[in-house]
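Participant: Okay, here's the structure, questions in a sec.
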């Protein structure tokens, strides 16, 4: 069985193409990628965008995992968990401003 291939396009010249279906697939792909970081099958990943967009995506993904790890290990009220949450929020804001896309794990 081949590993799933995920193609994430972070740069969009035409915002009209960003439909609800597109966002749903983007969220599913990022969710699958997060699951793979917790012991799932590692997918092949192809990112399309400029360097800033790709770096902001990878930073947000890394901080999402760091926050989840801290939450699982220490709980929500731990100062380290709260610090991880604030770092995640900053990374998400940067990702959203860099790409114009919503981060799939926030409201």
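Derivation of every value follows stated rules applied to the coordinates shown; laboratory data play no part. No experiment lies behind these values; they were computed from the predicted model shown. Here the Cβ is made from the backbone with ideal geometry for all residues, glycine too, and neighbour counts use every protein chain on show.
Participant: Helix 79-99 sits at what angle to the longest principal axis of the chain, using alpha carbons and giving 0 to 90 degrees rounded to 10?
Facilitator: 10 degrees
Participant: If you don't mind, there's one more thing I want to ask. Going by how many other Cβ atoms sit within 10 Å of their own, how do 77, 56 line up, fewest first?
Facilitator: The fewest-first ordering by Cβ neighbours comes to 77, 56.
Participant: Label the chain by shape, choosing from rounded, prolate and oblate, from the square roots a ≥ b ≥ c of the eigenvalues of the Cα gyration tensor; if a/c is under 1.5 it is rounded, and otherwise prolate applies when a/b is larger than b/c, oblate when it is not.
Facilitator: Oblate shape, in that a/c is at least 1.5 and b/c is the bigger or equal ratio.
Participant: Hey, another quick one. If each of residue 96 and residue 74 carries a label point 7 Å out from its Cα toward its Cβ, how far apart are those two points in nm?
Facilitator: Result: 2.5 nm between the two label points.
Participant: Continuing with the same structure: What's the exposure ranking of 57, 32, 26, going from fewest to most Cβ atoms within 10 Å? Numbers along the way, then the final one.
Facilitator: Working: 57 22, 32 14, 26 19.
Ranking 57, 32, 26 by Cβ neighbours within 10 Å, fewest first, gives 32, 26, 57.
Participant: May I pose another question? Roughly how many nanometres apart are two label points built 7 Å out from the Cα toward the Cβ at residue 19 and residue 51?
Facilitator: 3.5 nm
Participant: Something else about it: What relative contact order, as a whole-number percentage, does the chain give when Cα pairs under 8 Å and 6 or more residues apart are counted? Don't jump to the answer; show the numbers that get you there.
Facilitator: Values: 91 pairs, mean separation 33.7, N = 107.
Dividing the mean separation by the residue count of the chain yields 32 percent.
Participant: Additional query: In which sequence would 50, 29 go, from the one with the fewest C-beta neighbours within 10 Å to the one with the most? Don't jump to the answer; show the numbers that get you there.
Facilitator: On the way: 50 12, 29 18.
Ranking 50, 29 by Cβ neighbours within 10 Å, fewest first, gives 50, 29.
Participant: Per residue of the chain, what 222 nm ellipticity follows from adding -39500 (n - 2.57) for every DSSP H run with n ≥ 4, rounded to the nearest 500?
Facilitator: Details: 3 runs with 63 residues, N = 107.
Helix contribution divided over all residues of the chain: -20500 deg cm²/dmol.
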